[in-house]
Amino acid sequence: MKKYNSMNSLENDCPVISNEDNNLLPNGYPEWQKSIEQLIEISKLRAAINVNADTLKLYWNIGNSILQKQKEKGWGKKVIEQLSKDLTNRFPNDRGYSVRNLGYMKYFAQEYPDFPILQVPLAKLKGQAIRQVSLAKLGDKEQEFVQVPLAQITWYHHISLLTKVKDNIERAYYITETAHNGWSRDVMMMQINNGYINAKGHAINNFDNVLPSPQSDLARYIFKDPYNFSFLGTMALQNELDIEKTLTDKVTDFLLEMGQGFAYIGRQYHISVDDDDYYIDILMYHLKLHCYVVVELKAVEFKPEFISKLNFYISAVDEYVKSPEDKPTIGLLLCRNKSAKKVEFSLRGVTQPMGIAQYDTEKLFSDVASSLPQIEDLEALLSEE
């Protein structure tokens, strides 16, 4: 009988390859190494999720205990200050026991009495642009309420959300969207400030009429109206080509505003039809929709004739670019502004999937302008001197 140990079995029974260090390794080792690394990454992710859940549970329990003591015994601010000092002395290596953070814990417990979930009416959450797949994970269709797990986002996300968003329906929406899109706290706050909840899923479209379910549901969810391109700077004197170029120069900001799943293919993408040359403003691909997205950008108000050109480009991409595995190409027309009724009439009878939205480039500057002192305020100040 042949005897060998595990090392000998690798050396004697398997074909070998050479790595950069000239060590002999069996064929299939790189793939096996990747699978082990993936197991480790998944384990670390699960551990991080568990740590976050444990942290939230601890902070909720502390906050709830503070609430109870204040309710039962009338303890006030000085007790919280003393508790902060005592906890910091007892656990010097732990961060998070400042007076301010203890206050957040109290507020967290007060706002979420049903911890570890936030329970909200199903009908109201369905009124927001949230994927039906996400809703299905939160509860039964027959139930009146859905349960949104609070541990989907970190404590620092929660602090910002509690102070910025007062409505529980909106909080449930942003918790779900933040978890789904993997937003950092800063990105989540930017989306809140930009009115993400009022834009997501609001592009006028014909998806229900021309796309099968659940593709139509996902497409409706993905496209927004309006898109916030305030990161471009002042655009008043720029034409469509200037806007395209600046968008692609700032492609990271552009993709972030477009949303998760979009991949940039090219600007002024060339297509030849019967020896005539055509150039698509921006061509993208959506990884979850598994389709190309033709983006046409207009620096003017929507006109019905824009639909015809977009329809042509969608057909051309389907014919010359799309592979058999790709889903039908979707068009997105971005205009300075639009009449909803004109868009609705223009889409009637159109068989290619497309959405129409407007984009905003002045929001940032209007926000800044509104925060500046008015002339009356300046005059009042001068008169006091």
**Study point:** Burial ordering of Tyr320, Tyr278, fewest other beta-carbon atoms within 10 Å first
**Key:** Tyr320, Tyr278
Check your understanding: Just for the Cα atoms in segment 204-367, what are the lengths along the principal axes, largest first, rounded to whole Å?
Key -> 44, 34, 30
Study note, to complete from the structure: If each K or R counts +1 and each D or E counts -1, the residues other than Lys224 whose Cβ falls under 10 Å of its Cβ total -1
Exercise for review: Tell me the trypsin sites (Lys or Arg not before Pro) within segment 153-203 that lie in a loop according to DSSP and have at most 12 other beta-carbon atoms within 10 Å.
Suggested key: Lys166
Practice item. Mind jotting down the three principal axis lengths of segment 43-110 based on Cα atoms? Whole angstrom, largest first. Key: 45, 26, 15
**Study point:** Length released on extending from Lys250 to Glu325, taking residue separation times 0.36 nm less the Cα-Cα span
**Key:** 24.0 nm
**Study point:** Span from the segment 46-97 Cα centroid across to the segment 143-176 one, whole angstrom
**Key:** 20
Exercise for review: Filter the cross-link list Lys71/Lys200; Lys166/Lys250; Lys164/Lys250; Lys166/Lys338; Lys245/Lys338; Lys164/Lys327 down to pairs whose alpha-carbon distance in this structure exceeds 30 Å.
Suggested key: Lys71/Lys200; Lys166/Lys250; Lys166/Lys338; Lys164/Lys327
**Study point:** Cβ-defined net charge surrounding Ala316, 11 Å radius [Lys, Arg +1; Asp, Glu -1]
**Key:** -2
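Bear in mind these aren't lab numbers, they're just calculated from the coordinates by the rules spelled out. Fair warning: this is a prediction, and the values are worked out from it, not measured in the lab. Cβ: placed from backbone, ideal geometry, glycine included. Neighbour counts: every protein chain shown.
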